[in-house]
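See below for the structure under consideration.
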Amino acid sequence: MADEEPGLSGTEAGSDTEAPAAGEPPRPSGRRPRRHRRLRTTLVVLAVLAVVAAFALRTPSPVGHWDDAEGQDRYLAAYAEAFQDLPEPDETQDLRTDYGMVRVYRFDGTGSAEHPMLLLPGTASGAPVMADNLPSLLELGDVYLIDLLGEPGRSIQERPISTAAEQAEWLDQTLAALTEESFHLVGLSIGGWTATNLALRSPARIETLTLLDPVHVFDGMPLETIVRSIPAAFSWLPKSWRDSFSSYTAGGAPVEDVPVAQMIEAGMQHYRMKLPQPEQISPEQLASLEMPVLAFIAGESVMHDPPTAAITAEQTLAHGTVRVYPEASHAINGEYPEEIAADIGAFLAEQD
């Protein structure tokens, strides 16, 4: 048995019960199997951690906000440093929605794509996380890049966002405020979930979806990742704990001196998000998507089970193209920017 040492019987392995006499029915041992005890202990620990986290992070504000001015300044300084790796935007806008102001950057591309791309970054980061992707994507066409509302960045949440429907509303209102008729949405991580959520509810302005190792779309988040993320949520814990989690999601790469990683760490420490837990996208919902979808799955991702995610994408998307990068981590966008752009370019060419 997996729970016993090799070569030892239950009694020799440490059982403290006596064997029943001949002819007597077996007596309960009074002890649960070790696997059940471990499972119960794990669940208790997780429950305690969840309660502690909820109380530690609770605030009376109904919208996302900075814990103090010093923390905001620290994040914005890291944001500005990381932003230096992007090309100079041709236009910067703050667009009003029913839920707050959304920061949007526009970059004029050199390619001939009929519709522009709109990039949505991952959680607790901001627009600069897509810096490595801009040069190659601009060779395809114009690019818009936003800070997600309710997340760290230069977007400002002003009203509560309580449901997935409201998550879709602010993004749809943002697209409507731009001069373009439709967009190729490109979402990284939670940005992929945000793009998919909009496509399910208000698809009119979406030409195509490109999902870069999205979370809560093709598979749920593994328990180990959930557990490892909990300490990173406590602002009073050492910075090294948050750096450790960022490194874990990036395949173990060092992050201490990386501007984007320092921006993410500052966002995790100082910004208090007030967003609903993303709803897992169901296979039935994925099958209902009518626009073409390009799904990138990172083979070493810790944000889902990559084989499961790839199979789900292949089996459910009616108009899907799936690209698995076997050696990529969840930081796939920074690891393979040129390859991703080439795959997106080929994908968009097929739609013309």
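For this structure, a couple of remarks:
- So G141, is it more than 27 Å from H270 (Cβ to Cβ) and either in the same structural domain as T321 (by TED's automatic domain parsing) or surrounded by fewer than 24 Cβ atoms within 10 Å (Cβ to Cβ) (or both): yes
- Test: residue in segment 249-258 that is modelled with pLDDT of 85 or more, under 20 Å from A78 (Cα atoms), surrounded by fewer than 21 Cβ atoms within 10 Å (Cβ to Cβ) and touching an Asp or Glu at 6+ places or on another chain (Cβ under 9 Å): no
- Scanning segment 182-209 for residues that are of a type in the set (D, E, K, R) and over 18 Å from A318 (Cα atoms) yields one hit, R205.
- Residue within segment 215-236 that is closer than 23 Å to H115 by Cβ and either modelled with pLDDT under 95 or buried (at least 19 other Cβ atoms within 10 Å of the Cβ) (or both) present: yes
- Filter result for E88 (touching a strand residue (DSSP E or B) at 6+ places or on another chain (Cβ under 9 Å) and without any contact (Cβ under 8 Å) to a residue 12 or more places away in the chain): yes
- Of the residues T196, T179, the single one that is within 21 Å of P307 (Cβ to Cβ) and among the β-branched types (V, I, T) is T196.
- Residues satisfying the stated conditions in segment 117-127, i.e. modelled with pLDDT of 95 or more and more than 22 Å from D352 (Cα to Cα): L120, P121, A127
- Every pair of residues 6+ apart whose Cβ atoms lie under 6 Å, when the first sits in segment 153-167 and is assigned by TED's automatic domain parsing to the domain that holds W66 while the second is of a type in the set (S, T, Y): R159/Y99; I161/Y99
- Number of residues in segment 176-196 that are buried (at least 23 other Cβ atoms within 10 Å of the Cβ) and either within 20 Å of V63 (Cα to Cα) or not small (G, A, S) (or both) equals 9.
- Test: residue in segment 161-179 that is at pLDDT below 95, more than 20 Å from the chain's Cα centre (by Cα) and at negative phi: yes
- Qualifying helices (runs of 4 or more DSSP H) (wholly inside segment 274-347; at least 2 residues being closer than 18 Å to L188 by Cβ and at pLDDT below 95): 332-335
The values are calculated or read from the model by the stated rules, or taken from the named source; none is laboratory data. No experiment lies behind these values; they were computed from the predicted model shown. Virtual Cβ from ideal backbone geometry, glycine too; neighbours counted across all protein chains shown.
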